[in-house]
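Here is the structure we will look at.
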Amino acid sequence: MKLWQKNTDANQAVDRFTVGHDREMDLFLAEADVLGSLAHTRMLNSIGLLGDEDLQAVQRELKKIHADIVAGRFTIDEGIEDVHSQVEFLLTERIGDAGKKIHSGRSRNDQVLVDLRIFLRRQIKEIVEDVESLFRLLQSLSDRYNEVLMPGYTHLQIAMPSSFGLWLGAYAESLVDDTEMLHAAYRICNKNPLGSAAGYGSSFPLNRTMTTELLGFDTLSYNVVYAQMGRGKTERIMAQAISSVAATLARLAMDNTMFLNQNFNFISYPAELTTGSSIMPHKKNPDVWELIRGKCNLIQGLPNQIAMMTTNLPIGYNRDLQQLKEVLFPAVAELRGCLQMAHYMLENLSVKEDILNDPKYDYLFSVEVVNDLVLHGTPFREAYKKVGLDIENGTFKAPHTVHHTHEGSIGNLCTQQIAALMDAQLARFHFERVEAAEAALVQP
């Protein structure tokens, strides 16, 4: 029987439709569900709703189930509705009535809420680690290629000199701001909704502060109605954070796709990292970057998709929310795959070092000439007019050198300062606190 069933069997068609993909999606939440139950049952014992002997049996078996989950041996059986039902079924099968007591003082509503937040904060940690890894690589490449000049564009027209260091460093700093978005999502995820039950609290004297501390949450979602309102909102904020990372990756992917094009020919990759054509033997297609671009563009649409799925829902839990897992969980996995593949590709990046020797790029240096005239006393507007006339008359002479010294320019990338910004963001997460709390819960 399902957790909510009494004596009436559910219609099979209704059962199939309402369960949907929950069994597959709930496998992602299995470890978090057991952690929540380990904390909840200790709290029940502290307020006299679970005896010492029952607590010992429940904790022992929950830790065994946790070990099975970590080892990949856990499944949700056919006919079992969700992960919560599977865990309770296993407990009851193994230790009898004590397993039936663990649901006191909670609902599947706050149970899935706490599962989601534990799961999502873990996913944020893994995304942040991938982002940091890509950030360090981009900074290293930025320093390596800082003096290698390339064209800069506005309106996709040749504009001013840039450098590969400036280009790669821009994406590194973009990831700093993305990490700040991830931190905001982490702070939202790291609030404890457990104890809000079905959304209106409980007449049991629950100790919500205790479960907050046991699970390593920073604080509570205090108001029980708002805790339930966090379902959907939490997922949307998470989606906004990962879409920020995806936007950076999609743009980086577009640049790589464009710069690999023969008409640009700024960069290259080993042949084994590109793909060929079935009829054109010369082709080296940037399929990896194209797929990163496509996947990340889909992820950028995720916040709106979740917003539309949750728009104007009435107060309290609604079954529509079940579908959020089906769009969010795969997107998180896709983003991590894109981050890791972008890192792998960039490790094998080669850049062309003589791009600006081509005469078609001479006009890139027009601003350099204007600025040099100004530095020697010519008013800017007169200098601008003179260089413009030289270009029209075909007498413009390009210097092919740049002298940029201000913060963030070609000659002063401020790599260390940007690294310090990232380090400050990373230090705010305090992942170690959560890891210590979770480890303590599953200790034998």
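The values are calculated or read from the model by the stated rules, or taken from the named source; none is laboratory data. Note that the coordinates shown come from a computational prediction; the quantities given were computed from them, not determined experimentally. Don't worry about glycine lacking a Cβ; one is built from the backbone with ideal geometry, like all the others, and counts go over all protein chains shown. Heavy atoms of the whole protein, side chains included, go into the accessibility calculation; ligands, DNA and RNA do not. Shrake-Rupley method; radii C 1.70, N 1.55, O 1.52, S 1.80 Å.
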Open item on the list: Quick check on the stretch 282-291. Is at least one of its residues at pLDDT below 90, out of contact with any strand residue (DSSP E or B) (no Cβ under 6 Å at 6 or more places or on another chain), β-branched (Val, Ile, Thr) and farther than 18 Å from THR154 by Cα?
Closed with: no
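For the stretch 384-401, name all the residues that are among the aliphatic types (A, V, I, L, M) and either assigned to a helix (DSSP H, G or I) or open to solvent by 50 Å² or more (accessible area, probe 1.4 Å) (or both).
Taking the stretch 384-401 as the starting set, the residues that turn out to be among the aliphatic types (A, V, I, L, M) are 387, 389, 391, 398.
Those that are among the aliphatic types (A, V, I, L, M) and either assigned to a helix (DSSP H, G or I) or open to solvent by 50 Å² or more (accessible area, probe 1.4 Å) (or both): VAL387, LEU389, ILE391.
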Open item on the list: For the stretch 196-228: of the residues being of a type outside the set (Gly, Ala, Ser), more than 14 Å from MET43 (Cα to Cα) and in contact with an Asp or Glu (Cβ under 9 Å, 6 or more places away or on another chain), which is least open to solvent (accessible area, probe 1.4 Å)?
Closed with: GLN228
Task: Residue ID - least open to solvent (accessible area, probe 1.4 Å), chosen from residues in the stretch 31-45 that are more than 14 Å from THR212 (Cα to Cα) and not aliphatic (A, V, I, L, M) - done: ASP33
Task: Failed item in (1) closer than 30 Å to ILE410 by Cβ; (2) modelled with pLDDT under 95; (3) outside any strand (DSSP E or B); (4) not charged (D, E, K, R), with PRO161 passing the rest - done: (3)
Open item on the list: Out of LYS63, LYS100, I need the residue that is assigned to a helix (DSSP H, G or I) and exposed (fewer than 15 other Cβ atoms within 10 Å of the Cβ). Which one?
Closed with: LYS100
Open item on the list: With the requirement that a residue be over 27 Å from the mean Cα position of the chain (by Cα) and among the polar types (S, T, N, Q), what does the stretch 54-75 give you?
Closed with: GLN56, GLN59
TODO: Would you be able to tell me the number of residues in the stretch 167-205 that are farther than 27 Å from HIS430 by Cα, outside any helix (DSSP H, G or I) and in contact (Cβ under 8 Å) with a residue 24 or more places away in the chain?
DONE: 7
- [ ] List every residue pair whose Cβ atoms lie under 7 Å apart, where the two residues are 6 or more positions apart in sequence or sit on different chains, the first residue falls within the stretch 72-87 and is without any contact (Cβ under 8 Å) to a residue 40 or more places away in the chain, and the second residue, located anywhere, is open to solvent by less than 10 Å² (accessible area, probe 1.4 Å) and not in a loop (DSSP other than H, G, I, E, B).
- [x] ASP77/GLN86
- [ ] Could you please find all residues in the stretch 355-383 being open to solvent by less than 40 Å² (accessible area, probe 1.4 Å) and either in contact with a Ser or Thr (Cβ under 8 Å, 6 or more places away or on another chain) or in contact (Cβ under 8 Å) with a residue 40 or more places away in the chain (or both)?
- [x] ILE355, LEU356, TYR361, LEU364, PHE365, GLU368
Open item on the list: For the stretch 166-181, which positions are surrounded by fewer than 23 Cβ atoms within 10 Å (Cβ to Cβ) and of a type in the set (Gly, Ala, Ser)?
Closed with: ALA170, SER174
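Scan the stretch 298-326 for residues that are at negative phi, assigned to a loop (DSSP other than H, G, I, E, B) and not aromatic (Phe, Trp, Tyr) and report the count.
Residues meeting the conditions: 6.
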Task: Filtered residues of the stretch 402-420 (kept if outside any loop (DSSP other than H, G, I, E, B) and over 17 Å from LEU149 (Cβ atoms)) - done: THR415, GLN416, GLN417, ILE418, ALA419, ALA420
TODO: Could you grab the pairs with beta carbons closer than 8 Å, sequence gap of 6+ or different chains, first residue in the stretch 230-254 and at pLDDT 95 or above, second one in a helix (DSSP H, G or I) and of a type in the set (Phe, Trp, Tyr)?
DONE: THR248/TYR171; ARG251/TYR171; LEU252/TYR171; ALA253/TRP289; MET254/TRP289
Open item on the list: Between LYS284, LYS295, LYS325, which is under 30 Å from ASP110 (Cβ atoms), surrounded by 13 or more Cβ atoms within 10 Å (Cβ to Cβ) and touching a residue at least 12 places away in the same chain (Cβ under 8 Å)?
Closed with: LYS325
- [ ] Select from the stretch 133-157 the residues that are of a type in the set (Ser, Thr, Tyr) and under 15 Å from GLU353 (Cα atoms) and list them in ascending order.
- [x] SER142, TYR145
Open item on the list: When you check LEU116 against the structure, is it under 37 Å from the mean Cα position of the chain (by Cα), over 24 Å from GLU435 (Cβ atoms) and open to solvent by less than 10 Å² (accessible area, probe 1.4 Å), yes or no?
Closed with: no
Task: Enumeration of residues in the stretch 390-444 that are farther than 30 Å from GLU31 by Cβ and small (Gly, Ala, Ser) - done: GLY394, ALA398, GLY408, SER409, GLY411, ALA419, ALA420, ALA424
